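Everything below concerns the one structure shown next.
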Ligand SMILES: [Zn+2]
């Protein structure tokens, strides 16, 4: 046992201060101390780890021994089996134990090898520290449905020192262990991922935009562990944008009628994804029957180059007598998240040819004649002398300005017809009915059979179902 270690094992407030070492031989160290209580000098000897007062032949009060043969300082005599029968006679005080027959130790200082340790037999001298550590986040940028992985690394343990059975031992550094806590965005759909766990890495599927963060805590799983450290949180924010646009935003329905210009029932959908690496999907998300008409299909979306799609309008069947305006909503989607939407108005073909900048009444006439060919054939007539579309709302007939007028050429025997624009600016059912009326006139019939034909065929022209005002 070393001299310095002995001093550390005693309470210096009762011992005064060290005067100096007197001599050292064998197992004994002699030294002079001045007691702070009496201011007297005493000579102490250390023999095999015990302190002895050379003047009084007793250990100082702070030492855990008292004399067996006398009541010293009011301390009771003890009948301790450690007490030897010959001088020096020392018994161990209450709260101490005898380790080797001569030395009295505190219980925690009596080591398993039956020696008395100046310190606790087992104690942590230096727990060491954990330091460093970073968190990496992949991938970057992250898109919806990506697996985001947070990985902690770089935490170092500088080891420690402990006393085991009174022997100092170095504690080797160990690889750190980790616990983590995950924070997910408020809009994350159920089922939620685990929000805490163990290990150096945590992965989460990015099912919602927003902020994902992970806090790692590192520990060293060894003797005399160092304090836990918390690494700076790693934060990953997923923000997406896609300003979807459509051009044009108003198109006619698709028809198999051969007179329709190519590509006229299409709209180009553009979606600049941000970040560009995170491309989502474009979907038809809603068919809004704003006038109560539900089309037979939604139309189709087809990829058409970088960030563009082509929307082909739904079909207007030839048998559909009451087509109406429909609003089609198309959205830029990132997973289940709708980033933006745009609407396209899909007009009936008749509306396309009779309203706005696309008006062309001759085309509408051809379309009606094609679409209602079945019922028009029942008129038994034909415009053998040609068809004229006036730029005026009505055309002059002998009995006034009317929708249309059919005229017989007495020289050729052919019938020509002139339509005013109001023939077409109403419903397609009205237009079909008026055309049939004029066709009846080409059979040399007067107004009575012509109107009768209209009444008899009001279901086939759709007037009955779709245009009661004309009826
Ligand atoms: Zn008539």
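Quick rundown of the values:
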| read-out | value |
| --- | --- |
| Single condition residue 469 does not satisfy, out of (1) surrounded by fewer than 22 Cβ atoms within 10 Å (Cβ to Cβ); (2) assigned to a loop (DSSP other than H, G, I, E, B); (3) within 16 Å of the ligand (Cβ to nearest atom) | (3) |
| Residue 356 on the phi > 0 side of the Ramachandran plot, modelled with pLDDT under 95 and surrounded by 14 or more Cβ atoms within 10 Å (Cβ to Cβ) | no |
| Strands (runs of 3 or more DSSP E) wholly inside the range 372-452 that include at least 1 residues being within 11 Å of the ligand (Cβ to nearest atom) and under 22 Å from residue 352 (Cβ atoms) | 404-408 |
| Residue in the range 454-463 that is in a loop (DSSP other than H, G, I, E, B), within 16 Å of the ligand (Cβ to nearest atom), closer than 18 Å to residue 374 by Cβ and over 60 Å from the mean Cα position of the chain (by Cα) present | yes |
| Some residue of the range 222-236 being at pLDDT 95 or above, within 30 Å of residue 368 (Cβ to Cβ), more than 19 Å from the chain's Cα centre (by Cα) and surrounded by fewer than 19 Cβ atoms within 10 Å (Cβ to Cβ) | no |
| Any hit, the range 194-206, residues being farther than 30 Å from residue 276 by Cα and surrounded by 17 or more Cβ atoms within 10 Å (Cβ to Cβ) | yes |
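Residues are listed down the side, and each one gets a yes or a no for (1) over 30 Å from residue 321 (Cβ atoms); (2) touching a residue at least 60 places away in the same chain (Cβ under 8 Å); (3) in contact with a strand residue (DSSP E or B) (Cβ under 9 Å, 6 or more places away or on another chain):
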{"site": "246", "(1), (2), (3)": "no, yes, yes"}
{"site": "249", "(1), (2), (3)": "no, yes, yes"}
{"site": "252", "(1), (2), (3)": "no, yes, yes"}
{"site": "261", "(1), (2), (3)": "no, no, no"}
{"site": "269", "(1), (2), (3)": "yes, yes, yes"}
{"site": "280", "(1), (2), (3)": "yes, yes, yes"}
{"site": "284", "(1), (2), (3)": "no, no, yes"}
{"site": "290", "(1), (2), (3)": "no, no, yes"}
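The values are calculated or read from the model by the stated rules, or taken from the named source; none is laboratory data. Please read these numbers as outputs of a predicted model, since none were measured by experiment. Positions of Cβ are generated from backbone atoms using ideal geometry, with glycine treated the same way; all protein chains shown enter the neighbour counts.
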